[in-house]
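Report on one structure; see the data block that follows.
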Amino acid sequence: MRESSATVERVMVAEDPTTFVTRSLPYIQIELGGIPGDRHYGLLRPADSRQKVYPRGMLIANRRQISIVSKEECECIANRLDLPEIKPEWLGANMIISGFEKLTELQQGARLIFPDGTGLICEGENLPCIGPGRVIEKMYNQVGLSQKFVSAAKKLRGIVCSVEREGRISEGDTIAFF
């Protein structure tokens, strides 16, 4: 049973290991480990401060393979910060979508299905952190934006997903949410 749909505006990859900032591609090929070449690619990843039940560095399942933001929520963050725009690549997003205004509130476990059958599972909210705030602060040359971003992006930062079924995601694809 289909709940709603949205459109893929852009797909992006973070290939430079020195930054999480992404760059646009016409499409991304999705494997069970995520996007080949992306900094978040892999079936496993080291535990960090988000997984307090495991020692830092212990290998755990990678539930942060793909990061998705919505155009509407990026606009809302920009409005809260009184800025002209917040670009999804500054947030390290692999995808920006439109037509799903409350993406960050998507229930954990929801399925995102693409035209060729590619399937992602929502693993939950991508909590705001100071890293993207520093990028925004640098782009606008405004001291203090990094801290303001964390508050402004609360419940608007998008979601992280893991891959359930491999395939290809392209600009213009329609996403069905289940």
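The values are calculated or read from the model by the stated rules, or taken from the named source; none is laboratory data. Model, not experiment: these values are computed from the prediction. Cβ atoms come from the backbone with ideal geometry, glycine included; neighbour counts cover every protein chain shown. Note: areas computed on protein heavy atoms with side chains; ligands, DNA, RNA excluded. Shrake-Rupley method; radii C 1.70, N 1.55, O 1.52, S 1.80 Å.
The strands (runs of 3 or more DSSP E) located wholly in the stretch 1-48 that include 1 or more residues which are among the basic types (Lys, Arg) and closer than 13 Å to Ile68 by Cβ occupy 4-13. Summed over the stretch 161-173, residues that are within 21 Å of Lys71 (Cβ to Cβ), open to solvent by 10 Å² or more (accessible area, probe 1.4 Å) and not in a loop (DSSP other than H, G, I, E, B) total 1. Among the residues of the stretch 57-71, is any of a type outside the set (Val, Ile, Thr), part of a helix (DSSP H, G or I) and under 17 Å from the mean Cα position of the chain (by Cα)? Within the stretch 57-71, one or more residues are of a type outside the set (Val, Ile, Thr), part of a helix (DSSP H, G or I) and under 17 Å from the mean Cα position of the chain (by Cα).
Scanning the stretch 30-72 for residues that are charged (D, E, K, R) and out of contact with any Ser or Thr (no Cβ under 6 Å at 6 or more places or on another chain) gives Glu31, Asp38, Arg39, Arg45, Asp48, Arg50, Lys52, Arg56, Arg64, Glu72.
Only one of the listed residues (Lys148, Lys154) is under 16 Å from the mean Cα position of the chain (by Cα), open to solvent by 30 Å² or more (accessible area, probe 1.4 Å) and of a type outside the set (A, V, I, L, M). That residue is Lys154. Checked against the criterion of being in contact with a strand residue (DSSP E or B) (Cβ under 7 Å, 6 or more places away or on another chain) and either over 14 Å from Glu89 (Cβ atoms) or touching a residue at least 60 places away in the same chain (Cβ under 8 Å) (or both), the candidates Arg56, Arg50, Arg64 yield just one match: Arg64. Total residues in the stretch 69-99 satisfying the condition of being among the charged types (D, E, K, R), out of contact with any helix residue (DSSP H, G or I) (no Cβ under 6 Å at 6 or more places or on another chain) and surrounded by fewer than 16 Cβ atoms within 10 Å (Cβ to Cβ): the figure is 2.
Each row is one residue, and each column tells you yes or no for (1) modelled with pLDDT under 95; (2) among the small types (Gly, Ala, Ser); (3) part of a loop (DSSP other than H, G, I, E, B).
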position: Ala78; (1), (2), (3): no, yes, no
position: Asp82; (1), (2), (3): no, no, yes
position: Ile86; (1), (2), (3): no, no, yes
position: Glu123; (1), (2), (3): no, no, no
position: Met139; (1), (2), (3): no, no, no
position: Ile175; (1), (2), (3): no, no, no
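Residues checked against (1) surrounded by 21 or more Cβ atoms within 10 Å (Cβ to Cβ); (2) part of a helix (DSSP H, G or I); (3) polar (S, T, N, Q):
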residue	(1), (2), (3)
Glu101	no, no, no
Gln108	no, no, yes
Leu112	yes, no, no
Leu127	no, no, no
Pro132	yes, yes, no
